[in-house]
1. For the chain, modelled as a GNM with alpha-carbon contacts under 10 angstrom, which of 95, 14, 52 fluctuates the most?
2. Which length gain, in nm to one decimal place, applies between residue 148 and residue 22 when the Cα-Cα distance is subtracted from 0.36 nm times their residue separation?
3. Which GluC sites (Glu not before Pro) in segment 38-143 sit in a loop by DSSP (not H, G, I, E or B) and have at most 14 other Cβ atoms within 10 Å of their own Cβ?
4. In nm, give the distance between the simple-model label positions of residue 54 and residue 82, each being 7 Å from the Cα along the Cα-to-Cβ direction.
5. Rounding to the nearest 10 and keeping the result within 0 to 90°, find how far the Cα-based axis of helix 10-19 lies from the longest principal axis of the chain.
6. Evaluate E = 1/(1 + (r/R0)^6) for residue 1 and residue 123, where r is the Cβ-Cβ distance and R0 equals 22 Å; express this FRET efficiency to the nearest 0.05.
7. For the chain, I need the span (max minus min coordinate) of the C-alpha atoms along each principal axis, in Å, sorted largest to smallest.
Amino acid sequence: MRAVVLGGSIAGLLAARILHEHADEVIILEPDGTCPQPSSGAPQRTQLHALLARGHDQLERYFPGLTQQLVADGARLGTGGQVQFYVDGRLKAPLPHARMIGATRTFIEEHIRGRVLALDNVRLLAGQAQGLRIRAERVYAVPYRDTDTGQAAELPADFVVDAMGRSSRLSHWLEQ
């Protein structure tokens, strides 16, 4: 089975990581290729991001040692009283076991992308999805434009995940 993930952001990378256990091949179709730059699709990439405890735990579950690697490469790790939470504008009491990673989204994505692309059945393709090919109420391919060459191509697919975020055109494609 071939799974295609549309979008290589953190959501797409995590989808690919999970699909890697269930598919023979996983292809991440990402317009920006392997080195995403700040763009209109994700202008917040260069801003500081806080990876809170639950997300942090899940990333460590799927990528053992990721926290250690992030910190070694320059991310900040806050624990216990160093981590402050506000709810409705009010500071809450510190949680003794709280953890939080602070880094830019680009930094976190680069580290996750490296781990995902190291998986034997996952690869990234630089291209932008142009729609879906549907037969008998089932998606069987994703037409795309190759980012490097501008050429139109089609990617056969048994399973497709939309991780394109706010730039998703899925509802429009399904209406067509």
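1. For the chain, modelled as a Gaussian network with Cα springs under 10 Å, the answer is 95.
2. Working: separation 126, 0.36 × 126 = 45.36 nm, distance 2.96 nm.
So the extension gain works out to 42.4 nm.
3. Details: sites: 60, 109, 110, 137; in loops: 137.
In loop regions of segment 38-143 (DSSP not H, G, I, E or B), the sparsely surrounded GluC sites (Glu not before Pro) are 137.
4. 2.3 nm
5. Approximately 70 degrees, to the nearest ten.
6. Numbers: r = 15 Å, r/R0 = 0.68.
It comes to 0.90.
7. That gives 55, 35, 31 Å along the principal axes, largest extent first.
No lab work stands behind these numbers, since they all come straight from the coordinates. The model shown is predicted, which means the values in this text are computed figures rather than measured ones. Neighbour counts are summed over all protein chains in view; Cβ atoms, including those assigned to glycine, are modelled from backbone coordinates with ideal geometry.
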